[in-house]
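What follows is a short report on a single structure.
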Amino acid sequence: MANQKEIEQSVQQIYKAVGGDNNIKSLTHCITRLRFQLKDWNKVDDQTVKNIPGVLGVNRQNGQYQIIIGNQVTDYYNAITKLGHFASNGEVPADDNDDQKRGLFDRFADFISSCMAPLIPALVAGGLMKLILIVLTTLSWMSDKSQTYILLSAIGDAPFYFLPIELAYTSAKYFRVNQMLAVCTAGVLIYPTFTALVKAGHAVHMMGLPVTLATYSASVIPILMTVWAMKYIEHWIDAITPNQIKSIVKPLAELFIMGVLALVIIGPIGTYLGRLLSMIMIFLNTKVGWLAMALMASLMPLIVMTGMHWAFAPIFLAASVASPDSLILPAMLISNVAEGTAALVVALKTKNVKLRGVASAASVSALVAGITEPAMYGVTLKYKRPLYTAMISSGIVGLFAGIFHIRAFAYANPSLISLPQFIAKVAPHNFMYAVLCAAGSVILTFILTFMFGYSDKMVGVQADQTTNQSTDNKTVTVSSNNSDVELESGSKNTKKVYAPMNGQLVSLDTVDDNVFSSKMMGDGVAIQPTNGEIDAPFDGKVVTVFPTKHAIGLKSNLGIELMIHIGLNTVELKGKPFTQCVAVGDEVKKGQLLMKVDLKAIQEAGYDTTTPIIVTNTKDFVEVEPVVNKKVTTDDVAMYVI
C-alpha cells in the first residue's frame, strides 16, 4: 500500500500526464477509479499513465478517461484535487461544447456513471447495515418489532429511500443547474403529503391536470429525467426574466414549473420506463432465466470494465423482499468470487514476489469486498487466461443460479461477506443456493485456473530468484538498487537490451531530468556516451523517429518497446547535430547503425549528452534490471527485461 509521499508523487505525474487543469473538465471517483472528463483526449498517452506508480490500468470509456487505482483511490483523489485550480467538487471550468463532440451512447453512459459514482459509499453503507439486520433477526438475536430494529432500519434504508434527493444533487452538478432547486424538486416527489395521497389511491389532480400516483422513494430514472429537463427550463427562465427581478422570480418560477412537470409529466414517464425495464428483466428470467443468468455472470467483468453495470441501477438498488433482484446481483456474486479466486490462484502459483503481493491483495478485495477492478486490471485482464477461466466458470455456475432462480433481497456489493443479502423467510432455500453458487464459483475457477489459466512460463513471468532454465552455464550478475540479482543469460524469459552507444552506464535516478529520473515514462538506464554512433540494441523495428531526430523509438521482436533519448532537452537543437540512418518501419538487426550524433556540437551548445534508454512498456513486464556503474560497448548488455 502506497504511503502519502508516494501518493503525492504519483498524482503529480497523473495530473501532468492528463494535461493539467487546462485539459481537465472535471474529476470524480468511484470505489477504484479516478474518472476524468477531458477536453482533448489526444493529449494523453496511455502508456505514460500506465507507467505511473500506483496505476493499475487505464480505460477510455463512456466519455471518461478512467485511471484504475484500486482501494486507495480516495487518497489519490484527495491528493490530486489539491493541485491546479480544482474546486472542492473536483470540477474545473469546462467547454460547454465538448458534449457535442461525443456520441449519444458515451454521453448517456457518462451521465449515469457520473451521477451514481459519488453515491456508492452511502449505498454500500446502507446495504451493509441492512445485511446486519437480516443476520440479527434471522438468528433471533433481535426482534424486528423492537425500537432498536426500527431505528437501525432507518439508518440502513435512508440512503435508498432518499435516493431521488441524492441523485438530484449529483445530476444537478453534472448538468450545472441550481443544485438546491433540484434537491427541492426531488423533495416534492417524496413529500409526506404526496406519498399519503398515493397510499390512499384516490384520483389526484393539480390545477385540473391529472397526477399519476407513483412511489418515487428509492427511484432512479424519474429524477434523472427531471434534472435533465431542468437544464433547459432554467436556461429559458434565465433568458426571459429581467435582471431587476431575476433573484426573486427565477427561483420561484423554476421550482413551480419543475414541481408541476415532475408530478404530471416527467415523473410518470420515468416511472413507466423503470417498470418497462423491470418487465423486460422479469420476462427474461421467466422465459430464459438460465440463459440470461449464465450470460450475465460470464460477461460481468466486461460490463464492469465499461462501467455500464450502473445502467441496471434501477433494478438492483431497489432489491428488497417485495421486489428481489433475480439477475444482476446474483450474477455479480458469481463473477466477483470467480475474479477473486483467479487472482488467488495466480498468487499461489507465481514465484515472483511482486506479482504475488499484487494478486493476493486483489483477491482479498474481490472475495471480501466485492471490488474486482484490482483483480481485473492487476492480474486477470493483464494475463488474459485467468480472465477467460473466471468467465467460463462464471457462465457454468450462472446456469445453476438461473435454473434455481436465485434472488437477492437487499443491495450490497456481492461478495462472500455479503451473502446474507440472499436470506429471506419467503425463500427458505435461496440462501443455501447462493452459498452453493459462491462455493461452486470458487472451486470451479480454482481448478480451471490452476490447470489451464496460469503458470509463470505461460505468461513469461520469471521468479525473483535465479532461474534454472539455461542454454549455457554463463551467469550474469546485475547490480540494481545496491543489491546483486543473478540472471542466467540463457534463460528463455530473460530478454536483453544491449547498449546502443559506447560509454558509461549510470542509474536513471541520476539523470538531471525529472521526467526520466522519476521513471514517469518507464524504467531503464542511462548512458554517458563516448562516441556518436547509435546502434540497434536488439533485433526489431523502428517505430518512431522524432522530427528533431533527438529521440528514436524501437520495438524488439520479443515485445520490448524502447525509446533512446539522445541528450537532455536536445529537442531545442532542432535536429542539427543528428544524422538519421534509418526510417520509420525499417526492420533492424542488433548492432545496425541507427543515428550519427555530433556529441561535441551538443556540448558546445550547452546541453547534457546523457542518453536515457527507456522501456516504455515497463508495465508489460515483471522487472527491468539495469546494469549500472559500468563502462560498456555496443557488445555489452545494458539491461535485462524479465
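The values are calculated or read from the model by the stated rules, or taken from the named source; none is laboratory data. Keep in mind the model is a prediction, meaning the values are calculated, not measured. Every residue, glycine as well, gets a Cβ built from its backbone with ideal geometry; the counts of neighbours run over all protein chains shown. What goes into the accessible areas is simple: the full protein's heavy atoms, side chains included, and nothing from ligands, DNA or RNA. Shrake-Rupley method; radii C 1.70, N 1.55, O 1.52, S 1.80 Å.
Sorted largest first by accessible area at a 1.4 angstrom probe radius, with every protein chain in place, the residues SER171, SER323 fall in the order SER323, SER171. Highest mean packing first, where packing is the average number of other Cβ atoms within 10 Å per residue, the peptides 345-357, 592-604 line up as 345-357, 592-604.
Mean sequence separation of contacting Cα pairs (under 8 Å, at least six apart), scaled by the length of the chain, corresponds to a relative contact order of 11 percent.
Answer rounded, prolate or oblate for the range 9-63, using the Cα gyration tensor with square roots of eigenvalues a ≥ b ≥ c: rounded when a/c is under 1.5, else prolate when a/b is larger than b/c, else oblate. Note, shape of the range 9-63 comes out rounded. Note that the range 351-410 presents 38 Å² accessible area per residue, ligands and nucleic acids not counted, probe 1.4 Å. Our coupling estimate for the range 130-141, obtained by passing each phi through the Karplus curve with A = 6.51, B = -1.76, C = 1.60 and θ = phi - 60°, is 5, 5, 4, 5, 4, 5, 4, 6, 5, 7, 6, 8 Hz, Gly and Pro reported as x. Taking amide H as placed 1.01 Å from N in the peptide plane, the amide H of ILE527 sits under 5 Å from that of VAL506, THR611, ILE613, each at least 5 places away or on another chain. Distances between placed amide hydrogens fall under 5 Å for SER26 paired with GLN37, VAL92, all partners being 5 or more residues away or on another chain. Here the label points at GLU533 and ASP635, each 7 Å from Cα along the C-beta direction, are separated by 1.3 nm in the simple model.
Axis of helix 104-116 versus longest Cα principal axis of the chain: the two differ by about 70°, to the nearest ten degrees. A Cβ-based charge dipole, computed about the Cα centre of the range 230-384 with Lys and Arg at +1 and Asp and Glu at -1, lands at about 640 debye. Given a Förster radius of 25 Å and the C-beta distance between SER517 and TRP41 as r, what FRET efficiency does 1/(1 + (r/R0)^6) yield to the nearest 0.05? Here the calculated transfer efficiency is 0.35. Note on VAL543 and LEU197: the extension gain reaches 117.6 nm, defined as 0.36 nm multiplied by sequence separation minus the Cα-Cα distance.
Amide H to amide H distances under 5 Å link ALA424 with PHE431, where only residues 5 or more positions off or on other chains count and H is placed in the peptide plane. Per-residue 3J(HN,Hα) values for the range 285-293, derived from phi via the Karplus relation 6.51 cos²θ - 1.76 cosθ + 1.60 with θ = phi - 60°, read 5, 6, 8, 9, x, 5, 6, 4, 5 Hz in sequence order (x marks Gly and Pro). What does the C-alpha gyration tensor say about the overall shape of the range 343-386? Classify as rounded when a/c is under 1.5, otherwise prolate if a/b is larger than b/c, or oblate. In terms of gyration-tensor shape, oblate.
Descending by average beta-carbon neighbour count within 10 Å, the peptides 136-146, 612-622 line up as 612-622, 136-146, the highest first. Measuring r between the beta carbons of GLN504 and ASN3 and using R0 = 35 Å, the FRET efficiency lands at 0.55.
Please give the Cα centre distance for the range 539-614 versus the range 156-215, rounded to the nearest Å. Taking the Cα centre of the range 156-215 as reference, the centre of the range 539-614 is 63 Å away. Backbone phi angles across the range 206-216, fed through the Karplus curve with coefficients 6.51, -1.76 and 1.60 (θ = phi - 60°), yield HN-Hα couplings of 10, 6, x, 8, x, 10, 6, 7, 9, 8, 9 Hz in residue order; Gly and Pro are listed as x. For the chain, the longest principal axis of the alpha carbon atoms and the long axis of helix 221-240 meet at an angle near 90°. Computed from the Kirkwood radius of its Cα pairs, the Stokes-Einstein diffusion coefficient for the chain at 25 °C and 0.890 mPa s stands at 88 µm²/s. Note: the range 358-459, Cα convex hull, 85 Å³ per residue. In terms of the mean number of neighbouring beta-carbon atoms within 10 Å, the peptides 331-344, 366-379 order highest first as 331-344, 366-379. Solvent-accessible area assigned to carbon and sulfur over the chain amounts to 60 percent, based on a 1.4 Å probe.
Against the main long axis of the alpha-carbon atoms of the chain, helix 328-349 sits at an angle near 30°. Considering only Cα atoms, the convex hull volume of the range 526-608 works out to 81 Å³ per residue. When the helices of the chain are scored as -39500 (n - 2.57) per DSSP H run of n ≥ 4 and the total is divided over every residue, the value at 222 nm lands at -13500 deg cm²/dmol.
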